[in-house]
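Worksheet: the structure to be examined is printed underneath.
The values are calculated or read from the model by the stated rules, or taken from the named source; none is laboratory data. Quick caveat, the model's predicted, so the values are computed rather than measured. For neighbour counting, all protein chains shown are included, and Cβ atoms are generated from backbone atoms with ideal geometry for every residue, glycine included.
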Amino acid sequence: MSEVIEVTDPALLLVSGEKERDKEYVKKLSNAVLQVLSKHGVARMRCVGAAALNNATKAYIIANGESQKKGKKLISEESFTIIDFDGNKKTGILKEIKEVTIEV
């Protein structure tokens, strides 16, 4: 398990699990993934809970589709991470996304 200090990680996106605005939120999150990738070469999405992980997965799929239109493909590696919520430790999932060129 790893612990990410969000203040020092400009490539970290904190994913929400709110269900009532899923479609709009997921599209914005996928755009954020692509922007962070272009700026930092990697994007990390930190999720706590099933709804947040679901939103992150949908955003990754949408971002990957957009990336493939440009001849690139996204790859995601997942790991567990420890998150501190006001002294309470929770286990979350960290999705680290990188872009690779598609070979033809």
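What pairs can you find where one residue is in the range 13-31 and among the basic types (Lys, Arg), the other is modelled with pLDDT of 85 or more, and their Cβ atoms are less than 7 Å apart, with a gap of 6+ or different chains?
Hits for this filter: Lys19/Ala51; Lys27/Ile62.
Counting just the residues of the range 11-45 that are more than 22 Å from Thr81 (Cα to Cα) and among the acidic types (Asp, Glu), which one comes out modelled with the highest pLDDT?
This residue is Glu24.
Filter the range 45-74 for residues that are of a type in the set (Ser, Thr, Tyr) and either surrounded by fewer than 14 Cβ atoms within 10 Å (Cβ to Cβ) or in a strand (DSSP E or B) (or both) and give the result.
none
Quick one: how many residues across the range 75-104 are touching a Leu at 6+ places or on another chain (Cβ under 9 Å), free of Cβ contacts under 8 Å to residues at least 40 places away in the same chain and either surrounded by 13 or more Cβ atoms within 10 Å (Cβ to Cβ) or farther than 14 Å from Ala43 by Cα (or both)?
Of the residues in that region, 1 qualify.
Restricting to the range 75-91, give me the number of residues that are at pLDDT 95 or above and small (Gly, Ala, Ser).
Matching residues across the range 75-91 total 2.
Which residue out of Thr81, Thr57 is in contact with an Asp or Glu (Cβ under 8 Å, 6 or more places away or on another chain) and polar (S, T, N, Q)?
Just one listed residue meets the conditions, Thr81.
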